[in-house]
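Everything on this sheet refers to the single structure shown next.
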Amino acid sequence: MDIAAANALPYEDFVAIFGNVVENCPIITAAVWSRRPFANLTALEESISEFIDALPQSGKEGILRCHPDLAGRDLQGGTLTRESRQEQAGAGLDALSSTEVSHMARLNREYKERFGFPFVICARMNDKETMVRQLSERLGNEHAVERGRGIEEVKKICHLRLQGLLLTDTRNKL
Ligand code: 2AL
């Protein structure tokens, strides 16, 4: 789909197609629909970013809480969204040894106990080693810093998901 086709969509279809560019947060897509027409992918992405940035801290943490754990029970149980499954599998998280799964689970648990939201990182820009390293390192951050880091990663995930949905089209300056 190109941006002109996306701009022409009624909100039901727009949300059905773009509703998971921020994981499990279709309300964001539904909100930015009213900012159409978007000149290009970047303009749509900026609208999403502005919406997120305008949220209170609790809203930003709410977005983080809508993300599944990496290599967590949704991956084990087959209940991840399609996008998340592809991202986690692409980073090799569906092929961890049982020791690696337990190690990840322990770090995820520690992280959630400390911050009250899950560790979020763009799986497509990392592999399992860098994710485990980041998880350990970021555990040492201040709460507010970590909320900001998580939201940065949400935006990276969103960028790649949008790219996958909108055809690269030079006319739209993608
Ligand atoms: C995820 C996910 O589902 N996809 C991704 O890139 N990162 N989850 C997470 N907790 O970071």
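The values are calculated or read from the model by the stated rules, or taken from the named source; none is laboratory data. Computed from a predicted model, the values in this text were never measured in an experiment. Cβ sites come from the backbone with ideal geometry, for glycine too, and all protein chains shown count toward neighbours. When the accessible area is computed, the model is the full protein with side chains, heavy atoms only, and any ligands, DNA or RNA have been set aside. Shrake-Rupley method; radii C 1.70, N 1.55, O 1.52, S 1.80 Å.
Restricting 77, 72 to those that are over 16 Å from residue 151 (Cα atoms) and over 17 Å from the mean Cα position of the chain (by Cα) reduces the list to 77. Here residue 113 meets each of (1) within 11 Å of the ligand (Cβ to nearest atom); (2) more than 13 Å from residue 70 (Cβ to Cβ); (3) among the charged types (D, E, K, R) with one exception, condition (1). One residue stands out among those in the stretch 49-75 that are closer than 12 Å to residue 24 by Cβ and not in a helix (DSSP H, G or I): the one that is farthest from the ligand (Cβ to nearest atom), which is 66. Listed here are the helices (runs of 4 or more DSSP H) enclosed by the stretch 1-47 that have at least 3 residues being open to solvent by 60 Å² or more (accessible area, probe 1.4 Å) and modelled with pLDDT of 95 or more: 11-18. The residues of the stretch 76-105 that are more than 15 Å from the ligand (Cβ to nearest atom), surrounded by fewer than 15 Cβ atoms within 10 Å (Cβ to Cβ) and part of a helix (DSSP H, G or I), listed by number, are 95, 98, 99, 102.
Of all residues in the stretch 16-28, those that are over 20 Å from residue 123 (Cα atoms) have Cβ atoms under 6 Å from Cβ atoms of residues that are part of a loop (DSSP other than H, G, I, E, B), 6 or more apart or on another chain, in 26/19; 28/22. With respect to residue 121, is the statement that it is buried (at least 17 other Cβ atoms within 10 Å of the Cβ), touching a Leu at 6+ places or on another chain (Cβ under 9 Å) and not in a loop (DSSP other than H, G, I, E, B) true? Considered against the rule, which asks whether it is buried (at least 17 other Cβ atoms within 10 Å of the Cβ), touching a Leu at 6+ places or on another chain (Cβ under 9 Å) and not in a loop (DSSP other than H, G, I, E, B), residue 121 comes out as no. Listed by first and then second residue, the pairs with beta-carbon distance under 9 Å, at least 6 apart or on different chains, first residue in the stretch 118-135 and over 13 Å from residue 151 (Cβ atoms), second within 9 Å of the ligand (Cβ to nearest atom) and hydroxyl-bearing (Ser, Thr, Tyr), are 123/84.
Out of all the residues in the stretch 54-75, which are open to solvent by 60 Å² or more (accessible area, probe 1.4 Å) and touching a residue at least 60 places away in the same chain (Cβ under 8 Å)? The one that is open to solvent by 60 Å² or more (accessible area, probe 1.4 Å) and touching a residue at least 60 places away in the same chain (Cβ under 8 Å): 57.
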